[in-house]
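The structure under discussion appears below in the form of structure tokens.
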Amino acid sequence: MTRNEKLALIACVIANSAFGFSFLFSKLALDAAHSAFVMLCARFLVAVVTMSLLGLLPMFRMHLKGKRVGYLVLLGMLEPAIYFIFETYGIANSSSSFAGVMVALIPLVTMLLAGIFLGEKPTLRQTFFMVLSIGGVVILSLVGSDSGTVTPLGTVLLMGAVLSGAAFGLLSRKISGEFSSYERTYVMMIVGAVFFTTLALVENGAQLPARLAEAFVNPTFVGSLLFLALFCSCGAFLLINFAFSQISAARTTSFSNLTTVVSVLAGIVFLHESFSAVQLVAMGCIVLGVFGINQRWAAGTRVIHPERGEKSKANR
């Protein structure tokens, strides 16, 4: 296993741990802003400012001249724009347990599509461990099931979230040889800021500045927003895009189910939610599944290291 491959695995763990806490901080920020679009508008505006400041450092530079920038815009439309819309309204039109199971399918769908479009075919063992990981998420979702109903619209919207999330992974992996992780993440934040600011303006009109000002005087909103913008939008997506540059799309997205584990643990520690042996077994399945997927079961293949401008032989 190469050094960059090890760094990619560490990046996946850190990024998805941050995403695991995002549910808690999103709830706090949403309660203060009273509007998902106002909260998302503020989140991605702060993220753009942060990414712009990072661009002043020598290791973070934009070199887009002569490149196919349209791919970056499409990447940003897939995630965060389209994915966030599908997921938000999909959850609103279905039970949280069903939504959790649907979102957990993203790594599996990514694995299947990566085999078709990127030639990154998984082994049978990797497929088994992927299903094991998803099974853990299903158990956790059922343990925490609620009385919400599942509507046809909710199912369609969540399928849209699954497909856009998988497409994001494939596209980020595909263009990793042309664009650095910083370039991909920066444009994603710009697209997210433009998209959600537009929706916030449609929703609030001329009252948007006042709504933002009202939210920013709330310390809970500011603290939650900074975590979401700095650690989730900027930090986590930088790490995820770096991982896509070094390991296969399936391996990178396999870590996304760790988000569920971290989210449950955050609820137990900070919200004093209940914890059972069944939940422990389910989380064990998720962790074991992710571990199994990332073992060196297959023969070495060529992995691109675009940010170092070289290629090395390593397992996907």
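Take segment 45-72 and flag every residue that is among the hydrophobic types (A, V, I, L, M, F, W, C) and open to solvent by 100 Å² or more (accessible area, probe 1.4 Å). Leu53, Leu56, Met59, listed by residue number.
Can you find, within segment 100-132, the residue that is nearest to Thr259 (Cα to Cα) among those that are open to solvent by 20 Å² or more (accessible area, probe 1.4 Å) and of a type in the set (Gly, Ala, Ser)? The extreme case among them is Gly100. Of the residues making up segment 213-230, those that are open to solvent by 60 Å² or more (accessible area, probe 1.4 Å) and in a helix (DSSP H, G or I) are Glu214, Phe216, Pro219, Thr220, Leu226, Leu230.
In segment 265-285, the residues that are within 16 Å of Leu28 (Cβ to Cβ) and assigned to a helix (DSSP H, G or I) reach residues that are open to solvent by 90 Å² or more (accessible area, probe 1.4 Å) and of a type outside the set (S, T, N, Q) with C-beta atoms within less than 7 angstrom, at least six apart or across chains, in these pairs: Gly267/Glu273. Among the residues of segment 77-99, none is identified as more than 15 Å from Gly160 (Cα to Cα) and modelled with pLDDT of 95 or more.
When restricted to residues that are open to solvent by 40 Å² or more (accessible area, probe 1.4 Å), among the hydrophobic types (A, V, I, L, M, F, W, C) and either assigned to a helix (DSSP H, G or I) or without any contact (Cβ under 8 Å) to a residue 60 or more places away in the chain (or both), segment 1-18 contains 4.
Restricting the search to segment 165-181, which residues are surrounded by fewer than 22 Cβ atoms within 10 Å (Cβ to Cβ) and hydroxyl-bearing (Ser, Thr, Tyr)? Selection gives Ser180 alone.
Can you say whether Gly136 is part of a helix (DSSP H, G or I) and under 17 Å from the mean Cα position of the chain (by Cα), as far as the supplied structure shows? So Gly136 fails the test. Is it true that Met102 is part of a helix (DSSP H, G or I) and modelled with pLDDT of 95 or more? No.
Residues that are among the charged types (D, E, K, R) and modelled with pLDDT under 90 do not occur anywhere in segment 237-254.
The values are calculated or read from the model by the stated rules, or taken from the named source; none is laboratory data. Everything numeric here is computed off the predicted structure, so don't read it as measured data. For neighbour counting, all protein chains shown are included, and Cβ atoms are generated from backbone atoms with ideal geometry for every residue, glycine included. Calculation scope for accessible area: heavy atoms of the full protein, side chains included, ligands and nucleic acids excluded. Shrake-Rupley method; radii C 1.70, N 1.55, O 1.52, S 1.80 Å.
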